[in-house]
Amino acid sequence: MSKKIILILFVLVSLLLFSSCDKIGGVSGGGIIGSEEKQADARIEQIISAIKDKDRESLKSLFSKKALDESDDFDNGVDYLFKLLQGKVNTWERDGWSSDESIEDGKKSLMIRFSFDVKTDKDTYHFFVIDYNTDNINPDNQGVYMLELIKFTDEKDLESWQDRMRAGLYIH
């Protein structure tokens with residue numbers, strides 16, 4: 001009798017756990033995970049819009065105060081980005097994403113890392129972004145920390161993102 005009760009409880013708990021994946025963003029993408037994908041896509045749209053319009057202030061406004069303070073010559077980097085990216089933007093596709101979350105004293109920091117490819121009518125470019133989408137721990141850190149542009153042909157020789165991480169625009 002007790003084995004039957006244990007088995008029934010096990011089945012019920014298993015069903016409850018597996019059916020609640022949607023509540024935390026598991027398989028269906030409707031919760032936390034889906035939200036982070038949407039946040040990455042929204043940031044990509046903002047970046048591409050600023051690049052298409054060659055809008056320096058719009059692009060700059062996406063970056064965190066900390067990134068702008070730590071960046072070496074951000075304004076010249078923006079000019080170089082606009083000159084380097086040749087052609088009319090046709091399409092973009094997110095290549096992947098990952099995230100890290102920290103919680104301290106009820107405050108949250110969410111870093112989303114993602115990459116995407118931009119195809120223009122002249123070339124293809126690969127971007128990598130580190131974005132502190134939410135940062136209540138250090139509010140000056142909220143926003144894009146790093147935007148890296150890699151001409152598609154140069155991508156094979158890259159170091160890990162941790163070794164490449166730096167504030168502002170990083171173009172090679």
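For residue 93 and residue 79, calculate 0.36 nm times their separation in residues minus their Cα-Cα distance, and state this gained length in nm to one decimal. Walk me through the numbers on the way to the answer.
On the way: separation 14, 0.36 × 14 = 5.04 nm, distance 2.38 nm.
The residue 93-residue 79 span can extend by a further 2.7 nm.
If each residue of separation counts as 0.36 nm, what is the full-extension length gain between residue 8 and residue 86 once their alpha-carbon separation is subtracted? Display every interim value, and only then the final one.
On the way: separation 78, 0.36 × 78 = 28.08 nm, distance 6.33 nm.
So the chain would gain 21.7 nm between residue 8 and residue 86.
Computed FRET efficiency, Cβ-Cβ of residue 172 and residue 140, R0 30 Å: what is it to the nearest 0.05?
Numbers: r = 27 Å, r/R0 = 0.89.
Taking R0 as 30 Å, the efficiency between residue 172 and residue 140 is 0.65.
Counting pairs of alpha carbon atoms under 8 Å apart in space and at least six apart in sequence, what relative contact order in percent does the stretch 28-171 give?
Details: 252 pairs, mean separation 33.2, N = 144.
Dividing the mean separation by the residue count of the stretch 28-171 yields 23 percent.
Modelled label-to-label distance, residue 117 and residue 48, 7 Å Cα→beta-carbon offset: nm?
Here the modelled spin labels are 1.4 nm apart.
Among the GluC sites (Glu not before Pro) within the stretch 48-113, which fall in a DSSP loop and have no more than 14 other Cβ atoms within 10 Å of their own Cβ?
Details: sites: 57, 70, 93, 101, 104; in loops: none.
Answer in residue order: no site qualifies.
Laboratory data are not the source of any read-out in this text; all were calculated from the coordinates shown. Keep in mind that what you see is a predicted model, and the values were worked out from it rather than measured. Glycine also receives a Cβ, built like all others from the backbone with ideal geometry; neighbour counts cover every protein chain displayed.
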